[in-house]
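Undergrad: Encoded as structure tokens, here's the structure I'll be asking about.
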Amino acid sequence: QIMADAKATLLQGVLPMPSNQLPCVREGKIPKGREWVRPLPCPTADGTNSALHMTMQVGLRTPRAQVLSQVFTSVTQSIFFTQLRTLESLGYIVAMIGNGSEPGRAVGTAGVSCIVQSATHDPLYLYARVYGFFEALGPYLEEYKEADFKEVVASLIAKKREKPKTLDDDAGRKWAEIQEEQYMWDRRERQIKELEGLTKADLLELYRSRLANDAPKRRRLTTLIFASQHQALYDDAVRDAEGSVVKRAATRLPEYRASNSAARTPEVEAFLAALPAEIAAVLQKMPADGLQELAGGVPAEELAAVPVEAVQEMVDAKVQEGA
């Protein structure tokens, strides 16, 4: 009764705020078939880390767009990390995430984001490597096993059937619906239904139509952060951001393909396959001639017994020698 009396007194004559004055959070719609590249300086004058953030919009935050984004990242994020972090050592932070698949990741849309932070490479080089990764992704997805695809889908379904573990988790899911004014309280049930009908062909269609470098429906925005030591490159990118970056990425694609295939003779393939995965990953950073020489002169079982730290030291020395 006290609360009722207080409301009657305090709110007497008070009108609700007009809807056009309420704060509204939305995402911008990237034009279809376009790629925007935005160069920015490092926030700190003496910052030595460059970074890339590439966002690809798949569509509105519908259950189908969400699960497509989730399945794509589940299938590709591990090889994205392995290729660009483990093998190419681009930087400490290398990640691919699904936007809009969970509360707080995006507002109104679903999609995929790639993030790379590096203290050793300029952002144009990072862009070239991420661009190259998506260039080479088509054959990988085509050869992806149907059984592995079904396993990914089953895992996502099992995760979505889990009950909220905390009150905060439950509130977060509901608040996302309120914040985006969608009010789809059965979103997870709808996502599960979409997942149950999803096929590998749907994944390939998503890549070819919306995520590939030349996809006709791609909506891509890339932000590049230039560290202080790359000021000259930043000045060039500002003068012709999209043109210079895309051209540089295109000219480095042959280099990207060569670096991924140079050491792939049958002898080297068999040699790497016989080694523990962590040692094989380290060895693939060696110059092609050095790896070929190693494969022909050292038995795989002998190298498999060497601590991975020692192998890393050897590779670092070879790379330095080649430089």
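Undergrad: Taking the stretch 294-313 on its own, how many of its residues are among the charged types (D, E, K, R) and open to solvent by less than 60 Å² (accessible area, probe 1.4 Å)?
TA: 0
Undergrad: With respect to the numbered conditions (1) modelled with pLDDT of 85 or more; (2) closer than 30 Å to SER209 by Cβ, which one is the sole condition not fulfilled by SER50?
TA: Going through (1) modelled with pLDDT of 85 or more; (2) closer than 30 Å to SER209 by Cβ one by one, SER50 breaks only (2).
Undergrad: Could you list all residues from the stretch 94-118 that are of a type outside the set (Asp, Glu), at pLDDT below 90 and either surrounded by fewer than 17 Cβ atoms within 10 Å (Cβ to Cβ) or outside any strand (DSSP E or B) (or both)?
TA: Of everything in the stretch 94-118, those that are of a type outside the set (Asp, Glu), at pLDDT below 90 and either surrounded by fewer than 17 Cβ atoms within 10 Å (Cβ to Cβ) or outside any strand (DSSP E or B) (or both) turn out to be GLY100, SER101, PRO103, GLY104, ARG105, ALA106, VAL107, GLY108.
Undergrad: Separate question: Report, by residue number, each residue of the stretch 163-178 that is within 25 Å of the chain's Cα centre (by Cα) and open to solvent by 20 Å² or more (accessible area, probe 1.4 Å).
TA: Residues satisfying the conditions are ASP169, GLY172, ARG173.
Undergrad: Another question about this same structure. Can you pull out the residues in the stretch 11-39 that are farther than 15 Å from ARG210 by Cα, at pLDDT 85 or above and out of contact with any Phe, Trp or Tyr (no Cβ under 7 Å at 6 or more places or on another chain)?
TA: Within the stretch 11-39, the first condition is being farther than 15 Å from ARG210 by Cα, and the residues that meet it are 11-28, 37-39.
Narrowing further to those that are at pLDDT 85 or above: 37-39.
Within the stretch 11-39, VAL37, ARG38 meet the criteria.
Undergrad: Can I ask one more? State which residue is farthest from ALA119 (Cα to Cα) when the search covers only the stretch 36-54 and only residues that are within 16 Å of the chain's Cα centre (by Cα) and open to solvent by less than 30 Å² (accessible area, probe 1.4 Å).
TA: This residue is MET54.
Undergrad: Among the residues of the stretch 186-223, what is the count of those that are touching a Gly at 6+ places or on another chain (Cβ under 9 Å), among the basic types (Lys, Arg) and in a helix (DSSP H, G or I)?
TA: 2
The values are calculated or read from the model by the stated rules, or taken from the named source; none is laboratory data. Just so it is clear, the model here is predicted, and its values are computed rather than measured. Note that each Cβ is placed from the backbone with ideal geometry, even for glycine, and that neighbours are counted across all protein chains shown. These accessible areas exclude ligands, DNA and RNA; they are computed on the full protein's heavy atoms, side chains included. Shrake-Rupley method; radii C 1.70, N 1.55, O 1.52, S 1.80 Å.
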